[in-house]
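The values are calculated or read from the model by the stated rules, or taken from the named source; none is laboratory data. This one's a predicted model, so the numbers in the text were calculated from it and none came from an experiment. Here the Cβ positions follow ideal geometry from the backbone for every residue, glycine too, while neighbour counts run over all protein chains shown. Heads up: the accessible areas ignore ligands, DNA and RNA and are worked out on the full protein's heavy atoms, side chains in. Shrake-Rupley method; radii C 1.70, N 1.55, O 1.52, S 1.80 Å.
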Amino acid sequence: MNVTRNNPMMAACTLVTMLAVSACATTPTPVCGLADTRNLDTAIDSARDRLQHGCVAHFDAYMHELLVVAAGDPDPANKEAFSDFLVWTSEAGLLSRRQSQETWNRYFNVKFVSLRGDYNNCAQTCPVRPQVMADMETELADKERGMLQAALDQEGYYRADRLFSETELVLEATCRACEAGGR
């Protein structure tokens, strides 16, 4: 006896279930995990593949994983590998040129992305100085991961560390002068 022929409600439920199952089977979900490797070039190739296949939202996680892989085999040449990867993300339209540059600067350049040019006077900098310094401290940790741990760039990292300390002193003095001038 065919139950669905005699029961229209059962037939509708069966049809809905079959459509739902077939929809799940035909909609591929991208696999966004990187290949399990200790080789930076292989890990970058895996990241490129995943980014091209719909996993752009995982970019920050990929950067973290790539830095971990690079730290496992630190080498000054790793800077070039990251540079090539970030240029590719821009050329492929996955990140804007500015986003790629800021990512590079965050990890591999003495320049602090978190200290932008708009922090240039008492009215803009001093009210947010604690946040600016916290952001710079976080970025200094990122520079340690990129410059020091992944690329063995001790000179660059220590220059960034000195710049951080100097900026902290200059901002403190500037904000005190601003407070004194405003009284």
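Numbers for the structure displayed
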| read-out | value |
| --- | --- |
| Candidate set from segment 29-47 (those that are part of a helix (DSSP H, G or I) and without any contact (Cβ under 8 Å) to a residue 24 or more places away in the chain); member that is least open to solvent (accessible area, probe 1.4 Å) | 46 |
| Residue tally, condition under 29 Å from residue 167 (Cα atoms), among the aromatic types (Phe, Trp, Tyr) and open to solvent by less than 20 Å² (accessible area, probe 1.4 Å), over segment 70-116 | 3 |
| Which numbered condition residue 123 fails, given (1) within 18 Å of the chain's Cα centre (by Cα); (2) free of Cβ contacts under 8 Å to residues at least 60 places away in the same chain; (3) open to solvent by 60 Å² or more (accessible area, probe 1.4 Å) | (1) |
| Hey, residue 143 farther than 16 Å from residue 63 by Cα, of a type outside the set (Val, Ile, Thr) and under 18 Å from the mean Cα position of the chain (by Cα) or not | no |
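Rundown of residues vs (1) more than 18 Å from residue 83 (Cβ to Cβ); (2) open to solvent by 60 Å² or more (accessible area, probe 1.4 Å), yes/no style:
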{"residue": "127", "(1), (2)": "yes, yes"}
{"residue": "141", "(1), (2)": "yes, no"}
{"residue": "144", "(1), (2)": "yes, yes"}
{"residue": "148", "(1), (2)": "no, no"}
{"residue": "153", "(1), (2)": "no, no"}
{"residue": "159", "(1), (2)": "yes, yes"}
{"residue": "162", "(1), (2)": "yes, yes"}
{"residue": "170", "(1), (2)": "yes, yes"}
{"residue": "180", "(1), (2)": "yes, yes"}
